[in-house]
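**Q** The following block contains the structure, expressed as structure tokens.
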Amino acid sequence: MKLNNKITPYLLVSPYIFHFLLFVAFPVIFSIVLTFHKWNIISPMEYTGLSNYVRLFKDEVFLQSLINTLIFLVIHIPLQIIVALFLAEILNQKLKFRGFFRAAFFLPVIVSGVVVTILWQQLYGYDTGFFNRLLVTIGLGKVGWLTDPNIAMPSIALMATWKNVGLYIVLFLVGLQTVPDQYYEAADIEGASKWQKFFKITLPMINPTIFMVVILSTIGGFSLFIEPYVMTGGGPLNSTISAVLYIYKQGFFYYHMGYSATLGLFFALIILLVVVIQKRFVERDV
Amino acid sequence: MKILKRILFYLFLTMGALIFIYPFYWMVAASLAPENEIANLTLFPSTFTLSSYTQMFEKIPIGRSLVNSIIVASSVTIGVLVFGSMIGYALSRLKFKGRNTIFYVIIFTMTLPFQITLIPQYIIMVKFGWVDTYLALIVPYFINALGIIMFRQYFKSIPQSLIDAARLDGCGDLKIIFKILWPNSVPALVTIGIITFMASWNEVLWPLIVIRDESLMTMPQLITLFAVGGRAESQLGVKLASAVVLALPIVIAYIFFQKYFIQSMASSGIKE
């Protein structure tokens, strides 16, 4: 029994250690090795030096995918925060059926992204889609939601906001409930307006939640895959290709394992960099 | 005046809720409508027909994919609960050399983007001969850093006296975890269970990579390929029917356990 006590902790954590070595440590090292090789899995690996990196820096599609991600984030994050905060503010007052409304806003969060994408593909349809019919009914022209290269990525960002906003409403609700009532009472005595209270009390108090939302949506934006894959296949003119979709295509359509790994490594470094910078902001501001 | 304002407010809120519910309602209505009526955005089809569904069942092995999804998501969930609580217990309740190191490694791996390991993990699956097996869909997901951290956190809040008493009765560590801690950790088990099951159920990218055999595909994967490839053709109804079938199990569970879903997903801050 005594000897047992010394070993048991290690036995208990051994699944983690195995998993870490096999599915984390080894893949990271192996992916670095892969970036110096050309390999289609079937024939032997071929050492190619830095050529994958040279190719990456000249790759216009990859650059486009980074720009697309940026467009997505620039639209998605502010929109998400404004809508979520607005609805959370409403749900945070005395309200009948609050549970029902919260559950309704949350519904798209639990449903698979594939379902949401198939659904919105129809809503965005050029001739028979809901949005264009609405526009025509009120006397406006049709919009190429998924066919116009300038609009396709914003359309996907809008859909993603619709899908995820429920989660952020709930996170903001939790944040709002941490603001002490006395603050608002004191502001009332001073005669502060609704907007003043919002900007001077609420917003600074829920800053940590806002930053959490920013970081979570950034990571989500960087993982964008299924939406462009199903909706547009990355088109039109690569205007919706995301980095993950491009990595997937390089790896599993063309079997460029070395190059795909290079893209993955480089993209992961960008993600880490962005998230670290964002976290710095949080630590500074909070 | 006040009442009028209140009514307008609820009207506004109801419209807001409709924006989130209506598309799903339309999806179900359209999947039950005759093909030529779908384009009209009918809310109440003239006749209800299951033809979209029967065609879908003929075209793709949807029933089989449902079984696959259930097998995969349940196995992953069980694995995460069992291994997560073992590791979380060791990290929170046992003293041993390297404990902090392991904890920090877990925290670090949580920040590691999956994009970096995608290709090498696929190659491992190829080398193991796991491509086109359940193993590829299940085993890599057995360990979940977030699950471990949450178990560790929760187990810390359980009084030591409970564990001491069990030890005096001669319980081993495994018995302590599963007979003493589990019954006292239902909220943690529910939360971690829901998050894990949902994440596994909705996962598409990894199945697309490691499963090529249609009879082993998970439901979201099969439906993704169905929607992307030409097999749904221009038949909207069939595509929408497949989306309904994919959404249905989770939505039913959500209707009954709504509160748990919302709490669990909010507490992890994780999203699809």
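A short reminder: the numbers here are calculations on the coordinates, not readings from a lab. Everything quoted here is computed from the prediction, not taken from an experiment. When we count neighbours, we look across all protein chains shown, and the Cβ atoms used for this are built from the backbone with ideal geometry, even at glycine.
**Q** Rounded to whole Hz and in sequence order, give me ³J(HN,Hα) for region A:215-222 from the Karplus expression 6.51 cos²θ - 1.76 cosθ + 1.60, θ = phi - 60°, writing x for Gly and Pro.
**A** 5, 5, 6, 5, 4, x, x, 5
**Q** Let me ask something additional. Restricting to Cα pairs below 8 Å that are 6+ residues apart, what does the relative contact order work out to for chain A? Please round to a whole percent.
**A** Reported relative contact order: 28 percent.
**Q** Which chymotrypsin sites (Phe, Trp or Tyr not before Pro) from region A:123-213 combine a DSSP loop assignment with at most 14 other Cβ atoms within 10 Å?
**A** A:TYR126
**Q** Next up: Given Cβ point charges of +1 (Lys, Arg) and -1 (Asp, Glu) and nothing else, what value in debye, to the nearest 20, does the dipole of chain A about its Cα centre take?
**A** With Lys and Arg at +1 and Asp and Glu at -1, about 460 debye.
**Q** If you find the alpha carbon centre of region B:1-61 and of region A:69-86, how far apart are they in angstrom?
**A** Each part reduced to its Cα centre gives a spacing of 27 Å.
**Q** Would you grab the residues whose amide H sits under 5 Å from the one on A:HIS37? Only those 5+ places off in sequence or on another chain, please, with H modelled 1.01 Å from N.
**A** A:THR48
**Q** Could you work out the relative contact order of chain B, using alpha carbon pairs under 8 angstrom and six or more residues apart, expressed as a whole percent?
**A** RCO, chain B: 29 percent.
**Q** P(r) for region B:1-60, please, calculated from all Cα pair distances in 10 Å bins and given in %.
**A** That works out to 21, 32, 22, 15, 8, 2, in percent per bin.
**Q** Take peptide B:123-130, look around each residue's Cβ out to 10 angstrom, count Cβ atoms belonging to other protein chains, and average those counts.
**A** Partner Cβ neighbours, averaged per residue: 2.
**Q** Which value results for Rg/Rh of chain A when Rg is the Cα radius of gyration and Rh the Kirkwood radius based on the inverse mean 1/r?
**A** 1.07
**Q** On to the next question. Name the residue, out of A:SER260, A:SER65, A:SER43, whose mean-square fluctuation peaks in a Gaussian network model built on chain A with Cα pairs under 10 Å.
**A** A:SER43
**Q** So what is Rg over Rh here for chain B, counting just Cα atoms and using Kirkwood for Rh?
**A** My calculation puts Rg/Rh at 1.07.
**Q** Further question: Any idea what the alpha-carbon Rg over 2.2 N^0.38 Å comes to for region B:120-272?
**A** Here the answer is 1.35, to two decimals.
**Q** Based on the mean of other Cβ atoms within 10 Å per residue, sort peptides B:46-59, A:233-246 so the most packed one is first.
**A** Highest-to-lowest ranking by the protection proxy: A:233-246, B:46-59.
**Q** What is the fewest-to-most order of B:GLU214, A:GLU190 by other Cβ atoms lying within 10 Å of their Cβ?
**A** Numbers: B:GLU214 13, A:GLU190 9.
Ordered by Cβ neighbours within 10 Å, fewest first: A:GLU190, B:GLU214.
**Q** Excluding the sites themselves, what is the longest stretch of chain A that contains no trypsin sites (Lys or Arg not before Pro) in a DSSP loop with at most 10 other C-beta atoms within 10 Å?
**A** A:97-286
**Q** If each DSSP helix of 4+ residues adds -39,500 (n - 2.57) and the sum is divided by the residues in the protein assembly as shown, what number results at 222 nm, nearest 500 deg cm²/dmol?
**A** Calculated at 222 nm, the ellipticity per residue is -23000 deg cm²/dmol.
**Q** Along each principal axis of its Cα atoms, how long is region B:6-124 end to end? Whole angstroms, biggest number first, please.
**A** 71, 51, 27
**Q** Using a 10 Å cut-off around each Cβ of peptide B:259-266, what is the average number of partner chain Cβ atoms that fall inside?
**A** 5
**Q** If you count, for every residue in A:259-270, the Cβ atoms of partner chains within 10 Å of its Cβ, what is the mean?
**A** Mean partner-chain Cβ count within 10 Å for A:259-270: 4.
**Q** What FRET efficiency would be calculated for the residue pair A:TYR254, A:PHE86, taking the C-beta separation as r and a Förster radius of 30 Å, to the nearest 0.05?
**A** Efficiency computed from Cβ-Cβ geometry: 0.10.
**Q** Quick check: the distance between the Cα centres of region A:212-266 and region B:104-183, to the nearest angstrom?
**A** 28 Å
**Q** Okay, next question. Which ³J(HN,Hα) values in Hz, rounded to whole numbers, follow from the phi angles of region B:260-267 under the Karplus curve 6.51 cos²θ - 1.76 cosθ + 1.60, where θ = phi - 60° and Gly and Pro get x?
**A** Those phi angles translate into 5, 4, 5, 4, 4, 5, 5, 5 Hz.
**Q** Right, here's the next one. Provide the packing ranking of A:262-269, B:7-14, i.e. peptides ordered by the mean count of other C-beta atoms within 10 Å per residue, highest first.
**A** The packing order, highest mean first, is A:262-269, B:7-14.
**Q** Still on this structure: So how do A:TRP120, B:TRP182, B:TRP26 line up by other beta-carbon neighbours within 10 Å, fewest first?
**A** So the residues, fewest neighbours to most, are B:TRP182, B:TRP26, A:TRP120.
**Q** Quick one: order B:LEU222, A:LEU85 by neighbouring beta-carbon count within 10 Å, fewest to most.
**A** A:LEU85, B:LEU222
**Q** To two decimal places, what compactness ratio does the protein assembly as shown give when its Cα radius of gyration is scaled by 2.2 N^0.38 Å?
**A** Rg over 2.2 N^0.38 Å, computed on Cα atoms: 1.03.
**Q** Suppose every K and R has +1 on its Cβ and every D and E has -1 on its Cβ; what is the size of the dipole of the protein assembly as shown about the Cα centre, in Debye to the nearest 20? Working shown, then result.
**A** Details: 39 positive and 25 negative charges, 287 e Å.
It works out to roughly 1380 debye.
**Q** Region A:17-100: D in µm²/s via Stokes-Einstein (Kirkwood Rh, Cα pairs, 20 °C, 1.002 mPa s)? Numbers along the way, then the final one.
**A** Details: Rh = 17.9 Å.
D = 120 µm²/s.
**Q** Counting other Cβ atoms within 10 Å of each Cβ, which trypsin sites (Lys or Arg not before Pro) in region B:95-133 have at most 11 and sit in a DSSP loop?
**A** Answer in residue order: B:LYS95, B:LYS97.
**Q** Could you give the dipole magnitude of region B:46-168 about its Cα centre, charging the beta-carbon of Lys and Arg +1 and that of Asp and Glu -1, in debye to the nearest 20?
**A** 560 debye
**Q** Work out, in µm²/s and without decimals, the Stokes-Einstein translational diffusion coefficient of region A:211-271 at 10 °C, 1.306 mPa s, Rh from Kirkwood over C-alpha pairs. It would help to have the intermediate numbers written out before the result.
**A** Details: Rh = 12.2 Å.
Translational diffusion coefficient: 130 µm²/s.
**Q** Using R₀ = 30 Å, calculate the FRET efficiency as 1/(1 + (r/R₀)^6) where r is the Cβ-Cβ separation of B:MET110 and B:VAL251; round to 0.05. Present the calculation step by step, with values, prior to reporting the outcome.
**A** On the way: r = 29 Å, r/R0 = 0.98.
That pair, B:MET110 with B:VAL251, gives E of 0.55.
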